[in-house]
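Data block below; observations after.
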Amino acid sequence: MPRSQDDVALLDQLHSAIEAIKSELSKKIVGQQAVIDDLLACLFARGHCLLIGVPGLAKTMLVQSLAQCLDCDFNRIQFTPDLMPSDITGSEILYEDKSSGMRDFRFVTGPLFANIILADEINRTPPKTQSALLQAMQEYEVTSSGTTHPLPHPFWVLATQNPIEQEGTYPLPEAQQDRFMFSIEIDYPGQAEEVEIVKRTTSPCEAEIQPRIPSSDIDRFHALITRIPVADSVIEFAVKLVRATRPTEQSCPGRLREMLTWGAGPRASQYLITAAKAYAVVEGRPTPDIEDVKRAAPPVLQHRLVRSFHAESEGVSARDLVGRLLESAG
């Protein structure tokens, strides 16, 4: 259980706020409940997220609506091959005071200075610009001309990738993908859901999203997640699961060893436990269990596994490998 009565009250407050957010999002977003749960878990676990999906699945609308529910500043950055680091971080400009004639350089902030950033098609921009974004994700600050500028709090990055078109793109290296806590795959809606989407989007009525959580409360909820206790058996299971992804480990199942070139690092173990805590909170439970770790395994692990040529030639995806890993773990 949380350690104090204040934490218990804050846990109840967070769970109520999450239910209010889900209700508010349902005004615009049809279905995608699992994706919404994953996004909320990632948000309150203070992790960044990769969204993988084909165009037209309302990824931008989902993120923008969530930002409105949280009463947060939101910026969408369309990544293109000619985008430079200063285009997103900001740059120094020469400013002249007309009354005194004095000139000096001042830093003008870029679109990165917002609470929630949608980095649309991050794999379409060169590594130099990708690195500028990823540095901000890790350090929560931007350096320009030797001066460090802190980013606003909270700061949350959601980056999208199109899994279909790969020509002319700059795939994120494994080390940079590791900076993202989650990789969430968004699939096509079901038939009934698609019918409802068409009805809503072709009628004159448009729902408005109302704020449900002030942005100032999000840091308090982040701190609450870190204080949630976890049983040693749950931590041991998470570590065992991650170590089983490394082909050099004896615990790696034989049928998976030939499918993997590299496994997940210690950051994955940390994220599994943090995500498990967040999933428990999303469902109103005071502490996570092993099922929460299993639930967190696909979004945490699938972008951290490097498949072998054998796996690629057989068309076995990283998500398939995580599924086989969970089956072997029991």
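When every residue of segment 148-169 is checked against the conditions, none turns out to be surrounded by fewer than 20 Cβ atoms within 10 Å (Cβ to Cβ), among the small types (Gly, Ala, Ser) and within 23 Å of Ala58 (Cα to Cα). Scanning segment 245-255 for residues that are out of contact with any helix residue (DSSP H, G or I) (no Cβ under 6 Å at 6 or more places or on another chain) and closer than 18 Å to Lys294 by Cα returns Thr245, Arg246, Cys252.
Among the residues of segment 170-192, those identified as under 18 Å from Ile36 (Cβ atoms), in contact with a helix residue (DSSP H, G or I) (Cβ under 9 Å, 6 or more places away or on another chain) and not in a loop (DSSP other than H, G, I, E, B) are Phe182, Ser183, Ile184, Glu185.
Number of residues in segment 1-54 that are part of a strand (DSSP E or B) and either basic (Lys, Arg) or in contact with a His (Cβ under 7 Å, 6 or more places away or on another chain) (or both) equals 1. On the stretch given as segment 212-228, residues that are part of a loop (DSSP other than H, G, I, E, B) and surrounded by 15 or more Cβ atoms within 10 Å (Cβ to Cβ) total 3.
Candidates in segment 75-116 are the residues that are of a type in the set (S, T, N, Q) and under 19 Å from the mean Cα position of the chain (by Cα); of these, the one that is nearest to Ser131 (Cα to Cα) is Gln78. Here is a list of conditions, (1) surrounded by 19 or more Cβ atoms within 10 Å (Cβ to Cβ); (2) of a type in the set (D, E, K, R); (3) at pLDDT below 85, and Asp71 meets all of them except one; can you say which number that is? Answer for Asp71: the failing condition is (1).
Of all residue pairs spaced 6 or more apart or on separate chains, those with beta-carbon atoms under 7 Å, a first member in segment 316-330 that is of a type in the set (Gly, Ala, Ser) and surrounded by fewer than 17 Cβ atoms within 10 Å (Cβ to Cβ) and a second member that is at pLDDT 85 or above and part of a helix (DSSP H, G or I) are Ala329/Leu241. Of the residues making up segment 260-315, just one is of a type in the set (Gly, Ala, Ser), within 17 Å of Ala238 (Cβ to Cβ), touching a helix residue (DSSP H, G or I) at 6+ places or on another chain (Cβ under 7 Å) and outside any helix (DSSP H, G or I), namely Ala264. Annotation: of all residues in segment 240-256 being surrounded by 17 or more Cβ atoms within 10 Å (Cβ to Cβ) and outside any loop (DSSP other than H, G, I, E, B), the one that is modelled with the lowest pLDDT is Leu256. Looking at Val282, Val234, just one residue is crowded, with 18+ Cβ neighbours inside 10 Å and more than 19 Å from the chain's Cα centre (by Cα), and that residue is Val234.
Restricted to segment 59-111, the set of strands (runs of 3 or more DSSP E) holding at least 2 residues that are assigned by TED's automatic domain parsing to the domain that holds Thr169 comprises 74-78. Looking across segment 278-297, the residues that are in contact (Cβ under 8 Å) with a residue 12 or more places away in the chain and in contact with a Phe, Trp or Tyr (Cβ under 9 Å, 6 or more places away or on another chain) come down to Ala278, Val281, Val282, Pro288, Ile290, Asp292, Val293, Lys294, Arg295, Ala296.
The values are calculated or read from the model by the stated rules, or taken from the named source; none is laboratory data. Note that the coordinates shown come from a computational prediction; the quantities given were computed from them, not determined experimentally. Virtual Cβ from ideal backbone geometry, glycine too; neighbours counted across all protein chains shown.
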